[in-house]
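Everything below concerns the one structure shown next.
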Amino acid sequence: MKITTLTIAATMLSTAAFAAGHAMAPMVMGADQSVANGIVSAEKVVAGENGWLVVHRTDAEKKPGPVVGYAPLREGENIDVAAILTEDVMPGDMLMLMVHAEMGGMATGIFEYTLGAKEDGPIRIDGNLVMSVITAQ
Ligand SMILES: [Cu+2]
């Protein structure tokens, strides 16, 4: 009961913040790019709170696959976010850059997500993942 009340209050607060124009809607802006240097980057990422930019493999069906990189995000605007790829990505491979939260795990500042886990999982806005799909060149 107490938790429910707190959740409603928090929702009202965040709605008020959006209405006042203080909060930017979470988004990922990324473009097709060479990843020959072992890095995939996003030109701009907006996060609702401190979290992670997660790089998933994907394909034409645009379903998120295994994680091949991640980088920390600050609440608000992040420019030129660079994630080190943890495995080889070939030209033509499709990648999904996705905003994840920093919550639910055992440690703050340690990326604890693996595909399908709740720890440090993806955020959703109106039920939708916040992501951008790019192709390695
Ligand atoms: Cu994800």
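Every number in this text was worked out from the coordinates using simple rules, so none of it is lab data. Because the structure is a prediction, the values reported are computed rather than measured. Please note: Cβ atoms are built from the backbone with ideal geometry, for glycine as well, and neighbour counts cover all protein chains shown.
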query: If you take the charge dipole of region 24-135 about its Cα centre, with +1 on Lys and Arg Cβ and -1 on Asp and Glu Cβ, which of VAL89, ALA60, GLY30 is farthest toward its positive end?
result: ALA60
statement: Listed with the fewest Cβ neighbours within 10 Å leading, GLU119, GLU43 appear as GLU43, GLU119
message: With θ taken as phi - 60° and the coefficients 6.51, -1.76 and 1.60, list the Karplus ³J(HN,Hα) couplings across region 70-85 in order, rounded to whole Hz; mark glycine and proline as x.
response: 7, 8, x, 10, 8, 4, x, 8, 10, 10, 6, 7, 10, 10, 7, 6
task: Kindly put MET96, MET103 in sequence by how many other C-beta atoms sit within 10 Å of each C-beta, fewest to most.
output: MET103, MET96
- prompt: Residue by residue, what Karplus-based ³J(HN,Hα) values in Hz, rounded to whole numbers, does region 51-64 have, using 6.51, -1.76 and 1.60 with θ = phi - 60° and x for Gly and Pro?
  reply: x, 9, 8, 10, 9, 9, 6, 8, 8, 4, 6, 6, 9, x
- prompt: So which GluC sites (Glu not before Pro) in region 64-97 end up in coil per DSSP with only 10 or fewer other C-beta atoms within 10 Å?
  reply: GLU87
message: Are there any trypsin sites (Lys or Arg not before Pro) in region 31-67 that are in a DSSP loop and have at most 14 other Cβ atoms within 10 Å? List them by number.
response: LYS62
query: In what sequence do ILE79, ILE84 fall when counting other Cβ within 10 Å, fewest first?
result: ILE79, ILE84
- request: Within the set of other residues whose C-beta is less than 12 Å from the C-beta of MET131, count the net charge using Lys and Arg as +1 and Asp and Glu as -1.
  value: +3
